Ligand SMILES: C[S@@+](CC[C@H](N)C(=O)[O-])C[C@H]1O[C@@H](n2cnc3c(N)ncnc32)[C@H](O)[C@@H]1O
C-alpha cells in the first residue's frame, strides 16, 4: 500500500473570537477576561445611545472591537468615535478593521489620557463614554482619576456606561455621578452588571 498523506487545512483568517482568546489569556491582568462580550451585553450597554444627536462617542477598552463595530455601524458620518486600547495586539487588530472609516480612531493609549487626546482635537465635551475597562484590576486612584475626567467631559444629557462582573466599584461610581441605573445581563460569560451613569 502506498504512503497515505494527511492534509490539514487551517483557516487563513482568525476569527474575532480566536484572536481575542489568545491575546486575552496572555494579558489577563489588563484584559480582565478571556472572552469578548456577548451580543446581549453589547446591545444592553448601547441601547441608550441616541445616534441621531451624538457628536462624539468615546470607548475605553477596544479589545477585539466588538463594541466598536456596533457603534461604528450605527453612528452618523459626522459623529466621531475615539476608542482607547492599551494592548498593542488588540490595537493593531482593530485599527486594521476600521482603517477606512475616517471618523473612527483606534488609539493605542490609555483611557487615563483620553482628555489629552480630546484637547489635541479641540473637543471640549462628549455625548457618550462606553467603558469595558476592568476597573477591579485598576488602582483605586486611577479609577478615581478616570471617573472625575469622565464627569468633566460628559455633556449634561450624556451618559457613561460601564459594565463589570461584580458590584465592586459601585460606591466609587455613586460618588462620581448624579444618578446610576443598574442593569444585569445574564447572557454573557461571566454575567455582567451594567452601570448607566448621568453626570452631576
Ligand atoms: C474586558 S476587555 C473588553 C474588550 C471588549 N471591549 C469586550 O467587551 O469584549 C478590557 C479591555 O480593556 C483594555 N484596557 C485595560 N486597561 C486599559 C486602559 N488603561 N486604557 C485602555 N484600554 C485598557 C484591555 O486591554 C482589554 O482589551
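Quick notes on this structure:
- Note that the range 61-159 carries a Kirkwood radius of 14.1 Å, evaluated over its alpha carbons pair by pair.
- Extension gain (nm, one decimal) between residue 184 and residue 99, 0.36 nm per residue minus Cα-Cα: 27.3 nm
- If you look at the Cα atoms of the chain, you get an Rg and a Dmax of 18.3, 80 Å.
- In degrees, nearest ten, helix 88-98 long axis to first principal axis of the chain (Cα): 90 degrees
- FRET efficiency, residue 119 to residue 28 (Cβ-Cβ, R0 25 Å, nearest 0.05): 0.15
- Packing here is the average count of other Cβ atoms within 10 Å per residue, and on that basis the peptides 168-177, 83-92, highest first, run 83-92, 168-177.
- Degrees separating the helix 16-26 axis from the principal Cα axis of the chain, which is the longest one: 80 degrees
- Rounded tilt (10° steps) of 140-153 against the dominant C-alpha axis of the chain: 70 degrees
- In this structure, residue 168 and residue 110 have a Cβ-Cβ separation that, at R0 = 25 Å, corresponds to a calculated FRET efficiency of about 0.75.
- Computed per residue of the chain from DSSP H runs no shorter than four, each worth -39500 (n - 2.57), the mean residue ellipticity at 222 nm is -10000 deg cm²/dmol.
- Extension gain, residue 52 back to residue 139 (0.36 nm per residue minus Cα-Cα distance, nm): 27.7 nm
Only the coordinates and a few stated rules stand behind these numbers; no lab work does. Just so we're clear, the structure is a prediction, and the values are computed from it rather than from any experiment. Please note: Cβ atoms are built from the backbone with ideal geometry, for glycine as well, and neighbour counts cover all protein chains shown.
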